[in-house]
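Everything on this sheet refers to the single structure shown next.
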Amino acid sequence: MNSFFEFFSFADPNIRYVVLGSILLTASSAIVGSFTFLQKKALVGDAVAHAVLPGVCLSFILSGEKNPLILVVGAFVTGWLSLVLIDVIAARSKIKEDTAIGLVLSVFFGIGIFILTMIQKSGAASQTGLDQYLFGKAASLVGQDLVVFGIVATLLVLAVYFLFKEFTLIAFDKEFAISLGIPVRRVELVLTTLTVLAVVIGIQAVGVVLMAAMLITPAAAARFWTEKVITMTWLAAVFGAISGLTGAYISYVAPSMPTGPWIVVVVSTIAFFSFFMAPKKGIFYKMYHQSRIKANINDENILKALYHLGEEERNFYQQRSTEDILTKRSFERTPLFKGLRRLKRQGYLDEKDGLWTLSLEGKEKGQRVVKLHRLWELYLTEYLRIAPDHVHDDADTIEHILTPELEQRLEKLLDYPTVDPHESEIPYG
Amino acid sequence: MEALQIILAGSLVAITCGLLGCYLILRKMAMVGDAISHAVLPGIVIAFLISGSRDSVIMLLGAGLIGIFTTFLIEFFHKRGRLQTDASIGVTFTWLFAIGVILISAYAGKVDLDQDCVLYGEIAYVPIDLWITKSGTILGPRVLYIASGVLVIILVFIVLGYKELFLTTFDPAYAAAIGISTTLWHYLLMGAVSITTVASFESVGAILVVALLIAPPATAYLLTEDLKKMMILSTLLGVLISITGYYLAAAFDGPIAGGMATMAGVFFALAFVFTTTAPRLKRSIKTEKG
Amino acid sequence: MTTVRNGKKNIALELHDLTVSYDRKPVLWDVDLELPKGKLVGILGPNGAGKSTLIKAVMGLTPNSSGYVRLFDRNLDEVRDRISYVPQRESVDWDFPASVLDVVLMGRYGKLGLFKRPRKSDKEVALDCLRKVGMEAYTGRQISQLSGGQQQRVFLARALAQQADLYFMDEPFAGVDAATEKAIIGLLRDMSSKGNTVIVVHHDLQSVTEYFDWVILLNLRLVACGPTKEVFNAELLQETYGGKLTLLSDVGNLMKHQHFPNREANASRMNPLK
């Protein structure tokens, strides 16, 4: 626990650098990654990440030192080369894009590993630290590195800021962007360059193997919370930053641990939480929404049954037992009682000694459902030429979904009819 | 003798990967293969921790399940969560792989695995890692038995299911219409890929196995228009990659698996240049004559 | 082929109150129809009317539907070997490493069952079918080298090799040359005159009266189904191609966006990655 406070007090300037650096790297990759994600090129990012390794190793061999600027240049060259190769292979041969991505990714990485091992075996004193590019080490972000990576990260964020509109449009509708006269090819080129740069600096914290996660996962998580690109990009940056901070902390307390995997696990946890819990789009939310709809349908069906009984006996406000309701429609017992109690709470029903009576609101609501049912039956027979004996099931579903606006259109279209195809009266309120 | 054993192990792994890879690339599922090969890592580590040894059968079974779980998860996020497929693949496999690497670091003392092994395997140790029976008889390198065992399983799978694999790959809608379950064959294939990646893991590591899954079939695909010939060519390429990769590594003192991946790329590049320029060459010769 | 004993015996396809949804949005509403055996039937309607969806639903290829389908008064699984389906030509990757004969032999797979390889007799059937579509010279040719019309002929030969009684064809005339179209329609006529039922998704209104004995007019719902002479008229065509049912599609969209439950949700049977 001590180390926790030590770390998060940020008293140590070294810690400050590392924290600042990690957050900058992960957040800027997440921002650029948002557009890679929207363009559905997430796996291309994976390929670039792997292809950066031979570039880093080669520039080390050529320069003989671990100068961050030279390594960035080397990584940039092979990262770009991999993208060009993927395009050429997919365009010039019958090989499909996914195969081209996997091929370039694995072969470039294989070459990278080959050279890296050669360097390690040669025993060059200054080689220590090159293998940090594999799984990342946030703690090694100091001095010169931080300056170089910090500048690149700032450039990335600025470029996204100024080209935001164009990036969004291209990701959304490329053809339309072309028709507007936006230089799509050049903007795409910029975006690709940004992706390569994001990978090149991001690997310092996460490592080449798992870099793809920094591009994809924060964006995928953010997508579940919003429909707006700007909000999504911000959220992705925040998610990236949180995981970057965690990475820096882990790097601090457990120096033997590679930080990349921890950063990825943190950001994946955020993503899974979003996939399940996010409002509107989350999986659990959808399940909850479905059960709400089911309950609502159940309740409307109870009101409908009571309305039918009232219609038959020409008395809507009579007390009725559950057995009476069951003569009109079969319900399972539990949903029926749950529904009855819910309707009572909402004021649609009154209860006395286990007998149920429609309230004024309850009668109106039941009447509306019956009206919609009969209107829809009429619509199906008149406009869809469906036989009157086949329209009931369909209307049983649609009666629960029609909005007041659709209701009005339906009435107007059918010219305010009075009876349905089975000669039952259509009740108007 | 040692060189021969290593080359043999490499060939067995490359052949198995290449055969399955043919179906992966034709189904446009190369990246799902990539995802599975990464995602089985935590399965391997956990199997290690539980069984305390490299007991292969448990590991193969466990990894087969994890591979199918990965495929299922990718589809689950895609279908239930409406996440686009590429992102679904990317999120799932990086997560599982990260867990695997963390487990390896955390149990570094207890698990006979390290990050290097994950990255490029330990094919150089094939001749040392012998299978010795309880009575003390030395039966030869353990990896050779596992690799040949898995190759046999995959061969049986492909021979018996040739017709179904062929049809569900080429025209899934028609396959479903005549009553062949596309889902069943999809998961069988993914299970086979999982078993293969696990069996190859010790030899070439989690990432370079992807090169062997994709590069030989892709090369063969450029050179032929017949599925059977494509699989035969993949097999030959696998052997060739193993031999040349070994000597490349020996020449530069690099890792053998890295050498194999490099050579796989070289052969693809040759085939690509040959097939894309040869027709044009022919044409230009013709026009010169004409 | 079979003598008529009672009403249903003469029916090849019966759809009862069939509703098909994609992504919860109904794309076909309450289709009821019966088709007699031995007819050459055209399915007509504007783009997005649900023509392909209809035959996919019959073949069990679309996930959600309510209502039921009867083929020869049986369920699909009981008579699968009597039914043949020809998908749209563009639905497969023609760069696939396979020969013409390989593809036509697929037509025999349903009859072969699991693990069994095609026998010599199967090969003979396949060759015979290739002859019928005029492709005998291309037996060993790789499918990547075929023209659009030739690809369609190969698909047709594959269907013929199934030796089925009922054929569903999704746009067999799309993108083929005039000679191929003529050859295909000749073959389809021949098949239906031998008692087979052939159901074809079709686009070109010009050729309808010349090609089909029976017509299904479709636009999100069934407009008409009957002999060409009776239903292929200006009034019904106007109803099929004319006014859009905006209310219907608005309700459909509402169901999709509200994640509204379908009446009956069958488990997905399609390729999980598609």
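The values are calculated or read from the model by the stated rules, or taken from the named source; none is laboratory data. As the structure is a computational prediction, the values presented were derived from the model and not from experiment. Glycine also receives a Cβ, built like all others from the backbone with ideal geometry; neighbour counts cover every protein chain displayed.
In region C:218-260, what residues are assigned to a helix (DSSP H, G or I), of a type outside the set (A, V, I, L, M, F, W, C) and surrounded by fewer than 17 Cβ atoms within 10 Å (Cβ to Cβ)? Of everything in region C:218-260, those that are assigned to a helix (DSSP H, G or I), of a type outside the set (A, V, I, L, M, F, W, C) and surrounded by fewer than 17 Cβ atoms within 10 Å (Cβ to Cβ) turn out to be C:Lys229, C:Glu230, C:Glu235, C:Gln238, C:Glu239, C:Tyr241, C:Thr246, C:Ser249, C:Asp250, C:Asn253, C:Lys256, C:His257. Restricted to region C:99-140, and to residues there that are more than 9 Å from every other protein chain (Cβ to nearest Cβ) and β-branched (Val, Ile, Thr), the residue that is farthest from the chain's Cα centre (by Cα) is C:Thr139. Looking across region A:98-115, the residues that are of a type in the set (Gly, Ala, Ser), within 30 Å of the chain's Cα centre (by Cα) and at the interface with another protein chain (Cβ under 7 Å from one of its Cβ atoms) come down to A:Gly102, A:Ser106.
Only one entry in A:Val187, A:Val238 is out of contact with any Gly (no Cβ under 8 Å at 6 or more places or on another chain), surrounded by fewer than 22 Cβ atoms within 10 Å (Cβ to Cβ) and over 27 Å from A:Lys286 (Cβ atoms), namely A:Val187.
Could you go through region A:303-316 and let me know if any residue there is aromatic (Phe, Trp, Tyr), modelled with pLDDT of 90 or more and over 30 Å from B:Gly90 (Cα atoms). Checked against the condition, which is being aromatic (Phe, Trp, Tyr), modelled with pLDDT of 90 or more and over 30 Å from B:Gly90 (Cα atoms), region A:303-316 yields at least one hit. Here B:Val91 passes the criteria (1) within 14 Å of chain A (Cβ to nearest Cβ); (2) within 25 Å of B:Asp112 (Cα to Cα) except the one numbered (2). Quick check on A:Arg320: is it touching a strand residue (DSSP E or B) at 6+ places or on another chain (Cβ under 7 Å) and either under 23 Å from A:Val238 (Cα atoms) or not hydrophobic (A, V, I, L, M, F, W, C) (or both)? The answer is yes for A:Arg320. On the given criteria, is B:Ile128 away from chain A (no Cβ under 14 Å), surrounded by fewer than 16 Cβ atoms within 10 Å (Cβ to Cβ) and farther than 18 Å from B:Pro255 by Cβ? Spelling it out, it is not the case that B:Ile128 is away from chain A (no Cβ under 14 Å), surrounded by fewer than 16 Cβ atoms within 10 Å (Cβ to Cβ) and farther than 18 Å from B:Pro255 by Cβ.
Scanning region A:378-398 for residues that are crowded, with 16+ Cβ neighbours inside 10 Å and away from chain C (no Cβ under 11 Å) returns a single hit, A:Leu378.
May I ask you to verify whether C:Gly149 is closer than 22 Å to B:Tyr174 by Cα and part of a helix (DSSP H, G or I)? In short, yes.
Only residues that are of a type in the set (Ser, Thr, Tyr) and surrounded by 14 or more Cβ atoms within 10 Å (Cβ to Cβ): list them for region A:414-428, please. Within region A:414-428, A:Ser424 is the sole residue that qualifies.
Does B:Thr262 count as out of contact with any Cys (no Cβ under 8 Å at 6 or more places or on another chain), surrounded by fewer than 24 Cβ atoms within 10 Å (Cβ to Cβ) and within 30 Å of B:Leu60 (Cα to Cα)? Answer is no for this residue. Annotation note: Cβ proximity below 9 Å between a residue of region C:39-61 that is within 14 Å of chain B (Cβ to nearest Cβ) and a residue that is of a type in the set (A, V, I, L, M, F, W, C) and in a loop (DSSP other than H, G, I, E, B) (sequence gap 6+ or interchain) occurs for C:Ile55/C:Leu61; C:Leu61/C:Met270.
Residues in region B:131-154 that are of a type outside the set (A, V, I, L, M, F, W, C) and surrounded by 21 or more Cβ atoms within 10 Å (Cβ to Cβ): B:Pro141 alone. For region A:345-379, filtering for residues that are more than 38 Å from the chain's Cα centre (by Cα), in contact (Cβ under 8 Å) with a residue 12 or more places away in the chain and assigned to a helix (DSSP H, G or I) leaves 13.
Has region B:54-75 got any residue that is acidic (Asp, Glu) and buried (at least 24 other Cβ atoms within 10 Å of the Cβ)? Within region B:54-75 (the criterion being acidic (Asp, Glu) and buried (at least 24 other Cβ atoms within 10 Å of the Cβ)), the answer is no, since none of the residues qualifies.
Only residues that are crowded, with 24+ Cβ neighbours inside 10 Å and in contact (Cβ under 8 Å) with a residue 60 or more places away in the chain: list them for region B:216-229, please. Of everything in region B:216-229, those that are crowded, with 24+ Cβ neighbours inside 10 Å and in contact (Cβ under 8 Å) with a residue 60 or more places away in the chain turn out to be B:Pro216, B:Pro217, B:Ala218, B:Ala220, B:Tyr221. With the condition kept exactly as written, say whether any residue in region C:226-241 is of a type in the set (S, T, N, Q), facing chain A (nearest Cβ under 10 Å) and closer than 20 Å to C:Gly50 by Cβ. There is no residue in region C:226-241 that is of a type in the set (S, T, N, Q), facing chain A (nearest Cβ under 10 Å) and closer than 20 Å to C:Gly50 by Cβ. Inspection of region C:194-208 finds no residue satisfying the criterion of being surrounded by fewer than 22 Cβ atoms within 10 Å (Cβ to Cβ), in contact (Cβ under 8 Å) with a residue 40 or more places away in the chain, within 14 Å of chain B (Cβ to nearest Cβ) and part of a loop (DSSP other than H, G, I, E, B). Among the residues of region A:241-274, those identified as under 22 Å from the mean Cα position of the chain (by Cα), surrounded by fewer than 24 Cβ atoms within 10 Å (Cβ to Cβ) and either of a type in the set (Phe, Trp, Tyr) or not assigned by TED's automatic domain parsing to the domain that holds A:Phe164 (or both) are A:Phe272, A:Phe273.
Residues in region C:140-162 that are under 29 Å from C:Thr197 (Cβ atoms), in contact (Cβ under 8 Å) with a residue 40 or more places away in the chain and not hydrophobic (A, V, I, L, M, F, W, C): C:Gly148, C:Gln151, C:Gln152, C:Arg158, C:Gln162.
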